[in-house]
Amino acid sequence: MTRAWLLPILLGLCGALLAVGMFVRGDTGPAVVLLVGFLVLAGANSPLLFPRSVGASEAKRRSAEDGRPVVYWRAGCPFCMSLRVRLGRDARRVHWVDIWRDPEGAAEVRAANDGNETVPTVFVAGRPHTNPDVEWVRAQLPPPSSRSRAR
């Protein structure tokens, strides 16, 4: 858990230190803008932007049952963030595995990417696809069930 929050915490602290320095010099307005900017950047790089992660074994089990893709990601990855944001509401229709929280997930990604932890790696029907196009991922989603449409 600590590893996933390291970048957001560092961004928040750096922003706070810079803002305090500007505030002491009397630059109140720019200090507030800078602090807000750093906090937004910290939030965007935090695990908060992504749907709740599950473990790799749980994601594989769920995927086998419902046919949804499994996305292996990590906090701070701009490609993961791009995929998540561009999927929009459809992001809830995939299973997310944070490789920094799940060693089994990290091992899956390394096995699929010649020993590298390259993310996002999307598994569809057990086959890995590294940094796929968002429209391709969207096309792999099973149609929404009537239960999820009623929500």
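FYI, it's all coordinate maths here, none of it is from the lab. Computed from a prediction, not measured in an experiment: that's the story for all the values here. Backbone-built Cβ (ideal geometry, glycine too); neighbour counts: all protein chains shown.
Taking every C-alpha pair closer than 8 Å and separated by at least 6 residues, the mean separation divided by the residue count of the range 17-79 gives a relative contact order of 24 percent. Normalising the average separation of contacting C-alpha pairs (under 8 angstrom, six or more residues apart) by the number of residues puts the relative contact order of the chain at 23 percent. Between the amide H of Ser46 and any residue lying 5 or more places away or on another chain, no distance stays under 5 Å, with hydrogens modeled in the peptide plane. Backbone phi angles across the range 108-118, fed through the Karplus curve with coefficients 6.51, -1.76 and 1.60 (θ = phi - 60°), yield HN-Hα couplings of 4, 5, 4, 5, 7, 10, 6, x, 9, 8, 7 Hz in residue order; Gly and Pro are listed as x. The trypsin sites (Lys or Arg not before Pro) found in the range 1-85 that occupy coil by DSSP, while having at most 12 further C-beta atoms within 10 Å, are Arg25, Arg52.
Counting Lys and Arg as +1 and Asp and Glu as -1 over every other residue whose Cβ lies under 13 Å from the Cβ of Ser82, the net charge comes to 0.
Length gained on full extension, Val24 to Thr130, computed as 0.36 nm times the residue gap minus the Cα-Cα distance: 33.5 nm. Basic side chains Lys and Arg get +1 at the Cβ, acidic Asp and Glu get -1 at the Cβ, and with that the dipole of the range 11-96 about its Cα centre reaches some 340 debye.
With r defined as the distance between the Cβ atoms of Arg138 and Leu39 and R0 fixed at 30 Å, what FRET efficiency is calculated, to the nearest 0.05? That gives a FRET efficiency of 0.50.
Dividing the summed helix terms, -39500 (n - 2.57) for each DSSP H run of n ≥ 4, by the number of residues in the chain produces a 222 nm estimate of -16500 deg cm²/dmol to the nearest 500. Taking the inverse of the average 1/r across all pairs of different Cα atoms in the range 2-48, what Kirkwood radius in Å do you get? Hydrodynamic radius (Kirkwood, Cα pairs) of the range 2-48 is 10.7 Å. Karplus-based coupling profile of the range 10-23, in residue order and whole Hz: 4, 4, x, 5, 4, x, 5, 5, 5, 5, 4, x, 5, 5, with θ = phi - 60° in 6.51 cos²θ - 1.76 cosθ + 1.60 and x standing for Gly or Pro. Placing a pseudo-label 7 Å from each Cα along the Cα-to-Cβ vector at Glu104 and Leu48 gives an inter-label distance of 3.0 nm. Residues whose amide H lies under 5 Å from that of His129, counting only those 5 or more places away or on a different chain, are Val122, Phe123, Val124; hydrogens are built 1.01 Å from N in the peptide plane.
Per residue, the convex hull spanned by the Cα atoms of the chain amounts to 122 cubic angstrom. About its Cα centre, the range 51-142 has a charge dipole of approximately 340 debye under the convention of +1 per Lys or Arg Cβ and -1 per Asp or Glu Cβ, with nothing else charged.
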